[in-house]
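Every number here is computed from the coordinates shown, using simple stated rules; none is lab data. Keep in mind it's a predicted model, so treat the numbers as computed, not measured. Here Cβ is always computed from backbone atoms with ideal geometry, including for glycine, and neighbour counts include all displayed protein chains.
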């Protein structure tokens with residue numbers, strides 16, 4: 001009995017040993033680690049970078065005016081309608097001038113009367129001069145008293161004073177005529193510059209002048225101004241004459257150009273920004289005042305800069321200019337820290353951390369850990 005039991009124990013031990021060896025061999029034959037992850041990649045490439053300051057702003061016409069009438073009265077005639085093109089000096093409206101014409105005629109009549117008074121005073125001076133010359137001769141002959149001589153001298157001086165007064169009256173009357181003429185000329189409102197009537201706010205029969213009512217809004221869209229705010233931290237890179245390129249949702253896919261014309265010499269205390277105005281030529285007049293635009297002030301450029309797609313950055317601290325990418329190295333993902341720089345479209349500058357031609361993973365990186373096997377399904381540029 002004991003012998004049989006010992007044999008059974010031996011057989012069982014041998015079976016267990018064989019089973020353990022078999023399991024160990026099977027474990028050694030099993031594949032190690034997880035399978036390769038399918039990813040997309042793109043090569044780090046060199047390109048020329050245009051440096052600039054991203055801005056947003058609003059367009060407005062450089063030359064625009066709200067026109068009012070200096071001459072008070074009732075509108076007699078309106079010469080233009082909304083959106084009419086006008087040239088400098090073209091008439092826009094005319095105010096009833098009947099009362100002004102009467103005042104002008106009265107001023108002219110007063111001028112003629114003043115001129116007649118001057119002629120009369122000049123005649124009196126001539127007569128007083130003759131009487132004075134005669135009085136001198138009579139006095140020399142002993143035929144005129146001292147009192148008579150003094151009276152003659154006084155008459156001469158009075159005549160001279162009267163002619164001075166008459167000349168002053170002529171001058172004043174002439175100024176009245178000039179004033180009335182000038183006032184009457186303002187009854188016709190003329191365009192101050194070439195442009196377009198953006199809005200007509202008056203009709204024949206309206207009263208203008210007294211209430212300082214705006215009668216026309218005139219704009220010249222051939223030259224626009226783009227007003228933007230630039231953070232004071234970027235102020236050192238600003239220069240008058242720098243190009244500006246921008247786009248508007250009103251014209252998808254199109255870009256427009258301008259040039260920095262004015263930089264505010266003071267910083268806004270509210271948001272610590274600097275107001276910048278760029279001039280935008282607009283011939284033909286495609287753009288309109290009031291459009292909201294996004295663009296960039298070009299401050300410089302560099303050649304041969306290493307760039308990668310934005311999608312390749314796992315993390316990106318824009319302020320600190322640091323980020324991380326996965327580099328596909330012999331089908332193995334290697335996590336690597338890089339420095340970042342200028343952004344141009346969908347690509348980010350990498351000043352250090354990558355060499356041109358290295359493949360960076362752009363899709364599928366969230367599934368990876370450092371050292372994982374990868375299979376590149378699609379290789380972009």
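Observations on the model:
- Rounded tilt (10° steps) of 98-140 against the dominant C-alpha axis of the chain: 40
- Taken along the Cα-to-beta-carbon direction at a fixed 7 Å, the label points for residue 34 and residue 54 span 3.3 nm.
- Note on segment 97-186: along the principal axes its Cα atoms extend 67, 13, 13 Å, ordered by decreasing extent.
- According to the Cα-based calculation, Rg over Rh for segment 270-381 is 1.14, with Rh computed by the Kirkwood formula.
- Nearest 10 degrees, 0 to 90: helix 146-185 Cα axis against the chain principal axis: 40
- Approximate shape of the chain as ellipsoid semi-axes (Cα gyration tensor, √5λ), whole Å, largest first: 102, 25, 16
- Which of 191, 315 has the fewest Cβ neighbours within 10 Å, and the rest in rising order: 315, 191
- MRE, 222 nm, helices only [DSSP H, n ≥ 4, -39500 (n - 2.57), over the chain, to nearest 500]: -10500 deg cm²/dmol
- In degrees, nearest ten, helix 2-29 long axis to first principal axis of the chain (Cα): 30
- Averaging Cα coordinates gives a centre for segment 65-126 and one for segment 157-197; these two points are 10 Å apart.
- Between residue 237 and residue 303, the contour length at 0.36 nm per residue exceeds the alpha carbon distance by 21.9 nm.
- Between the alpha-carbon centres of segment 276-350 and segment 217-231 there is a gap of 27 Å.
- If R0 is taken as 56 Å, the Cβ-Cβ distance between residue 317 and residue 83 corresponds to a FRET efficiency of 0.60.
- For segment 179-236, the spread of Cα positions along each principal axis, largest first, Å: 57, 27, 24
- Sites residue 123 and residue 147 - FRET efficiency at Förster radius 35 Å, r taken between beta-carbons, to 0.05: 0.85
- Spin-label pair residue 68-residue 332: with each label point 7 Å from Cα along the Cα-Cβ axis, the two points sit 8.1 nm from one another.
- Computed extension gain for residue 160 through residue 346, at 0.36 nm per residue and net of the alpha carbon distance, reaches 57.8 nm.
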